[in-house]
Amino acid sequence: MVSPFLFFADERLSLPELTAACLDGALVPLGEGFMPADAAETPWMRARSLRPLLEGRWAAVRLSAAWVHGAIPVEPVAHHLQRARDARVRAGRDPRAVYHDVRLPPEDTVAIGGVPLSTRPRTLADLARSADEVEAAVARAWAHREPGLAQDAAAWLSRHPRFPHVHRATRLLRAARTEPRDS
């Protein structure tokens, strides 16, 4: 489906035409496409911009889902994708994507603009479990900003005690929720 707010190469315009429109200031890059420079960048727009990368087989997770949910303002350089179907699928060869061939359960999946991604609590829990310092810093800041979401993520972790690094994530979320809030 062609969106009036998102442009993808070879849908209506070629990549050189879209790039020229960026140089003219009419469009800006967003995900796998381009959007009008004066349009509001919403979670719906962010999600839909990833649709060509997900190919209906993958869900956006970790920093990619955090970006769509609005937890971080800047699109990640590499998008983390997790299998959204029961059947195994062949990972793509896109250098901008990191593929995880473990199925994301339906209860941990939400669709925004028809694009699957991990729910907000699952996304925060995954970031908090990560050994990557950038992801942990995003989790800390997000949990501090939204203590209710941090509680939901902690509840998700308590329901999944066999996942790796649950204790580290629980400590991170607890610490972030108890830090003094800026006035």
- prompt: Any residue in the range 14-30 that is touching a residue at least 24 places away in the same chain (Cβ under 8 Å), open to solvent by 50 Å² or more (accessible area, probe 1.4 Å) and not in a loop (DSSP other than H, G, I, E, B)?
  reply: no
query: Is it the case that the range 66-77 has a residue that's surrounded by 18 or more Cβ atoms within 10 Å (Cβ to Cβ), in contact with a Leu (Cβ under 6 Å, 6 or more places away or on another chain) and either of a type in the set (Asp, Glu) or more than 20 Å from Ala175 (Cβ to Cβ) (or both)?
result: yes
- request: Please list, ordered by first then second residue, the pairs with beta carbon atoms under 6 Å, 6 or more apart or interchain, first in the range 71-97 and within 14 Å of Val61 (Cα to Cα), second among the β-branched types (Val, Ile, Thr) and at pLDDT 80 or above.
  value: Ile72/Val138; Ala78/Val98; His80/Val61; His80/Val98; Gln82/Val61
field: Total residues in the range 46-82, condition closer than 16 Å to Leu149 by Cα and either charged (D, E, K, R) or assigned to a loop (DSSP other than H, G, I, E, B) (or both)
entry: 4
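The values are calculated or read from the model by the stated rules, or taken from the named source; none is laboratory data. All values derive from a computational prediction rather than experimental measurement. Here Cβ is always computed from backbone atoms with ideal geometry, including for glycine, and neighbour counts include all displayed protein chains. Remember, those area values only see protein heavy atoms, side chains included, never the ligands or the DNA or RNA. Shrake-Rupley method; radii C 1.70, N 1.55, O 1.52, S 1.80 Å.
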